[in-house]
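Reading through the structure tokens given below for one structure.
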Amino acid sequence: MTTMTPPAPTRAPARVPLLRRLGTVLLAHPIVRTLGPFVPFLLIWWAVAATGSVNAAFFAGPGEVWQSFTELVRKGMMPSYLGDSLERLAYGVGFGLLIGLPLGFVVALSSWARRLTWPLLLFFQAIADIAWLPILIVWFGFSLTSVTFVIVYTVVFPLMLGIVAGVDQVPRELVNAARSLGAGRLRVFFEVIVPGSLPAVASGVRTGLGYGWRALIAAEIIVGTSGIGFMMFDARRAGEVSQVFLGMIVLGVLWYALDALILAPFERATVERWGLVRQMEAAR
């Protein structure tokens with residue numbers, strides 16, 4: 001007579017704690033991932049302002065900053081400041097792209113142009129954009145031209161250097177293969193070199209716009225008669241600390257939105273679409 005051994009008891013699957021599951025679901029939401037890191041910062045900011053450990057003449061809390069924002073919006077000043085800053089940024093970035101893109105490819109593709117201009121590129125890149133403002137004020141006064149020049153100057157050099165680096169990353173095998181199939185110089189440029197260098201070009205555009213945004217605010221603080229930078233400097237003279245804080249927050253929010261909604265997706269899509277050249281080279 002055979003005895004049957006009872007089956008071994010099966011363990012119940014471990015239950016994930018409710019808080020952990022809730023945290024996982026929340027962190028997966030894009031709004032929580034975007035705004036969540038700012039919550040501790042806002043709490044610390046509110047706590048410092050509420051305790052009064054810092055003199056109110058030198059420190060403004062979230063409530064005072066929000067009141068300043070609503071007041072400036074009600075008076076129509078904030079939309080005017082924003083419009084002026086964005087208009088200057090558009091002018092500067094537009095001219096910077098028109099100058100930097102063709103010059104970058106010329107320097108990248110021509111050996112004699114690179115030998116001739118490379119020392120100049122490194123020299124002028126080392127000169128801060130703010131260093132141009134005194135002589136620009138002498139030449140053009142407190143005008144849009146001075147601000148535009150600073151933005152263009154700031155955008156052009158990172159863009160040109162990015163283009164040169166991108167063209168250098170294109171494998172010579174692809175260029176030689178296209179030429180062996182009968183492609184002319186123009187076709188090789190548009191069908192091999194430009195697509196192969198686009199990821200680096202996209203990174204150069206993103207970097208250049210970041211530098212240009214900071215240069216715009218600095219120029220508005222020094223030579224501007226309107227804009228977010230001017231608003232901050234004018235608020236400092238009037239003792240309105242809350243408007244200075246507001247200006248910094250507006251700058252951060254605007255750049256975060258511009259980078260997250262336009263620049264980062266553009267760079268990511270460019271790398272995904274045209275990044276095959278670098279993958280081919282890395283696989284060799």
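The values are calculated or read from the model by the stated rules, or taken from the named source; none is laboratory data. A quick note: this is a predicted structure, and the numbers were derived from the prediction, not measured. For neighbour counting, all protein chains shown are included, and Cβ atoms are generated from backbone atoms with ideal geometry for every residue, glycine included. Calculation scope for accessible area: heavy atoms of the full protein, side chains included, ligands and nucleic acids excluded. Shrake-Rupley method; radii C 1.70, N 1.55, O 1.52, S 1.80 Å.
Data overview
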item	result
Residue in the stretch 64-71 that is among the acidic types (Asp, Glu) and over 27 Å from the mean Cα position of the chain (by Cα) present	yes
Flag if ALA128 is farther than 14 Å from ILE222 by Cβ and small (Gly, Ala, Ser)	no
Single condition GLY212 does not satisfy, out of (1) surrounded by fewer than 20 Cβ atoms within 10 Å (Cβ to Cβ); (2) closer than 28 Å to ASP129 by Cα; (3) at pLDDT 80 or above; (4) not acidic (Asp, Glu)	(1)
Counted residues, the stretch 232-250 - those being open to solvent by less than 40 Å² (accessible area, probe 1.4 Å) and over 13 Å from ALA60 (Cα atoms)	2
Of all residues making up the stretch 215-229, the number that are hydrophobic (A, V, I, L, M, F, W, C) and open to solvent by 40 Å² or more (accessible area, probe 1.4 Å)	2
Filter result for SER197 (small (Gly, Ala, Ser), open to solvent by 10 Å² or more (accessible area, probe 1.4 Å) and in contact with a helix residue (DSSP H, G or I) (Cβ under 9 Å, 6 or more places away or on another chain))	no
Selection within the stretch 140-157 - hydroxyl-bearing (Ser, Thr, Tyr) and over 10 Å from ASP129 (Cα atoms)	SER143, THR145, SER146, THR148
Residue that is modelled with the lowest pLDDT [pool: residues in the stretch 122-153 that are touching a Lys or Arg at 6+ places or on another chain (Cβ under 9 Å) and either of a type outside the set (A, V, I, L, M) or open to solvent by less than 60 Å² (accessible area, probe 1.4 Å) (or both)]	ASP129
Residue list for the stretch 217-247, restricted to those being more than 21 Å from PHE140 (Cα to Cα) and not in a helix (DSSP H, G or I)	GLY239, GLU240
Residue under evaluation TRP139, criteria (1) without any contact (Cβ under 8 Å) to a residue 12 or more places away in the chain; (2) outside any helix (DSSP H, G or I), criterion not met	(2)
Close pairs (7 angstrom Cβ cut-off, 6 or more residues apart or separate chains): among the polar types (S, T, N, Q) in the stretch 109-133, open to solvent by less than 60 Å² (accessible area, probe 1.4 Å) and not in a helix (DSSP H, G or I) anywhere	none
PHE190 within 27 Å of PHE140 (Cβ to Cβ), of a type in the set (Phe, Trp, Tyr) and either in a helix (DSSP H, G or I) or modelled with pLDDT of 85 or more (or both)	no
Leading residue by the ranking (modelled with the lowest pLDDT) among those in the stretch 162-179 that are closer than 20 Å to TRP118 by Cβ and open to solvent by less than 50 Å² (accessible area, probe 1.4 Å)	VAL170
